[in-house]
Amino acid sequence: MKILLTGGSGFIGSNFVRFVLRERPGYQVINLDALTYSGNPENLADIESDERYRFVHGDIRDIDRVAELIEEADAVVHMAAESHVDRSIMDARPFVESNALGTQTVIDALRRANPKLTKRLVHVSTDEVYGTLPLDKPEVKFTEDTPLQPNSPYAASKTASDLFVRAAFHTFGMDVCITRCSNNFGPYQFPEKVIPLFVTNLIEGKKVPLYGDGRNVRDWLHVEDHCEAVLAVLEKGSAGEVYNIGGNNERSNLELTHSILQAMNCGEEKIEYVKDRLGHDLRYAIDASKIERELGWRPTRSAWPGALEATVKWYVDNPQWWQRVRSGAYRTYYEKQYGNA
Ligand SMILES: NC(=O)c1ccc[n+]([C@@H]2O[C@H](COP(=O)([O-])OP(=O)(O)OC[C@H]3O[C@@H](n4cnc5c(N)ncnc54)[C@H](O)[C@@H]3O)[C@@H](O)[C@H]2O)c1
């Protein structure tokens, strides 16, 4: 199997490359990535010389480039996206362009390069398309049939992309699967996201900015559990289906903060309560019983405190990685290697 992966230089994508090459030694991966601010080829520096891996610097909105790569691949796993809610609140345009238009371009390229529509597209989406759940009804979770009610510009752009993929199945009979996962954690996450941001702030002696009163709840999924689920959907999922992927691991942001403080031997005084995020969704919780029942997948690496402590330790042990990311030094590295985006 030769997989065309989009967005493979980001957090989940780079973990997915490493996971696939480890778990499926016979597979090959082509990584198409535009290297935006969160795409970092250093995430895959150890894989660069592996013959089963190839990096292509390009944009998913370039239909000729995408179609050319689809011709040589057997399937597409689509992860490239603008991914940070706060950035979408500041400026939604790049989200519309990469997430909505970019996904439609991938679909158009698949139709062009693969007229018999035999090649599968796995579209990696998010639980944020469902909107928010109440805090006082812990038994209620998102199922694949929960109505789509996105609340942030990021979530709206991901919902648009989901619906274009759904339409490609219903209109053209394209072989597609959609995955909707909860918040991922693990190594190589860009340090604007809460876990690496808090850990790296604490290492540098700074405070951690906690939104509002910290009661918002997220269902934390280890990135390798997520990669395993995406691979299962690619290999065994049914065309036209949506699969929720969750960690069975709901925590409030305050609980998360306390766990990080504890792992870092820091006290409460390190918390700085800041003005809440606009439109901040209260609670996300995934019912992942469909993927467990139909594909035999369940999370095995997401349980806390072990999985969180190992992630915190990764950032503590790899200061050169996040210091280069924070300083922007990695951009110099890839500009030297690949030229300006
Ligand atoms: N991180 C999470 O917790 C989470 C949760 C649910 C869903 N997701 C989804 O998973 C996917 C990956 O998320 P992530 O956290 O790894 O994000 P990330 O920001 O770390 O990586 C995104 C990657 O996409 C690339 N990219 C962006 N626009 C592109 C374009 N136009 N053409 C080519 N490449 C482009 C970037 O360079 C980067 O390498 C996204 O689709 C995101 O919506 C993430």
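If R₀ is 25 angstrom, what is the calculated FRET efficiency for the pair Thr118 and Leu163, using the beta carbon separation as r and rounding to 0.05? With a Förster radius of 25 Å, E is 0.60. The residues packed around Gly246, meaning those with a beta-carbon under 12 Å from its beta-carbon, carry a net charge of -2 if Lys and Arg are +1 and Asp and Glu are -1. Look at where the Cα atoms of the stretch 192-252 and of the stretch 161-191 average out, and the two centres are 15 Å apart. Placing +1 on each Lys and Arg Cβ and -1 on each Asp and Glu Cβ, with no other charges, gives the stretch 1-88 a dipole about its Cα centre of roughly 260 debye. For the chain, the antiparallel share of DSSP beta bridges with both residues in that region comes to about 10%.
Listed peptides 197-205, 260-268 appear in the order 197-205, 260-268 once ranked by packing, highest mean of other Cβ atoms within 10 Å at the front.
Only Cα pairs under 8 Å and 6+ residues apart enter the sum, and on that basis the relative contact order of the chain stands at 18 percent. Relative contact order for the stretch 1-102: 33 percent, from Cα pairs under 8 Å spaced at least 6 residues apart, divided by residue count.
Farthest toward the positive end of the dipole of the chain, out of Asn40, Leu231, Ile271, is the Cα of Asn40, where the dipole comes from beta carbon charges about the Cα centre.
Full extension of the chain segment joining Tyr37 with Phe172 gains 45.1 nm, where the gain is 0.36 nm per residue of separation less the Cα-Cα distance.
The Cα atoms of the stretch 87-196 define a convex hull whose projected area, averaged across directions, is 8.6 nm². Stokes-Einstein diffusion of the stretch 252-335 at 37 °C, 0.692 mPa s viscosity, Kirkwood radius from Cα pairs, rounded to a whole number: 198 µm²/s. Peptide packing for 119-128, 168-177 was compared via the average number of neighbouring C-beta atoms within 10 Å per residue; ordered from the highest value, the list is 119-128, 168-177. Ignoring lysines fewer than eight residues from Lys137 along the same chain, the ones with Cα atoms less than 28 angstrom from its Cα are Lys158, Lys193, Lys275, Lys290.
Using Cβ point charges alone (K and R +1, D and E -1), the dipole size of the chain about the Cα centre works out to roughly 140 debye.
Across the stretch 169-195, the residues whose backbone nitrogen lies under 20 Å from the label position 7 Å along the beta-carbon direction of Glu48 are 188-190.
For Ser88, the shell of other residues with beta-carbons less than 15 Å away shows a net charge of -2, using +1 for Lys and Arg and -1 for Asp and Glu. For the stretch 190-341, the C-alpha radius of gyration sits at 1.21 times the compact-globule guess of 2.2 N^0.38 Å, with N the residue count.
Ranked by the mean number of other Cβ atoms within 10 Å of their residues, highest first, the peptides 81-94, 148-161 come out as 148-161, 81-94. Across all C-alpha atoms in the chain, the radius of gyration and Dmax reach 19.2, 61 Å. One Cα centroid belongs to the stretch 5-80, the other to the stretch 95-131; the line between them spans 15 Å. Annotation: aspartates and glutamates with alpha-carbon distance below 13 angstrom to Lys206 (same-chain offsets under eight excluded): Glu268, Glu269, Glu272.
Residues with beta-carbon under 12 Å from that of Asp64, excluding Asp64: net charge, scoring Lys, Arg +1 and Asp, Glu -1?
Cβ neighbours under 12 Å give a net charge of -2.
Note on the stretch 1-130: the C-alpha convex hull projects to 8.0 nm² when averaged across all orientations.
The calculated FRET efficiency for Glu294 paired with Met1, based on their beta-carbon distance and R0 = 30 Å, is about 0.90. 3J(HN,Hα) along the stretch 288-304: 9, 5, 5, 5, 5, 5, 8, 10, x, 9, 8, x, 10, 10, 9, 5, 9 Hz, from the Karplus curve 6.51 cos²θ - 1.76 cosθ + 1.60 with θ = phi - 60°, whole Hz, x for Gly and Pro.
Which part of the stretch 272-297 falls in the paramagnetic zone of Val140, meaning amide N under 11 Å from the point 7 Å along Cα-to-beta-carbon? It comes to 283, nothing else.
Every number in this text was worked out from the coordinates using simple rules, so none of it is lab data. Note that the coordinates shown come from a computational prediction; the quantities given were computed from them, not determined experimentally. Cβ: placed from backbone, ideal geometry, glycine included. Neighbour counts: every protein chain shown.
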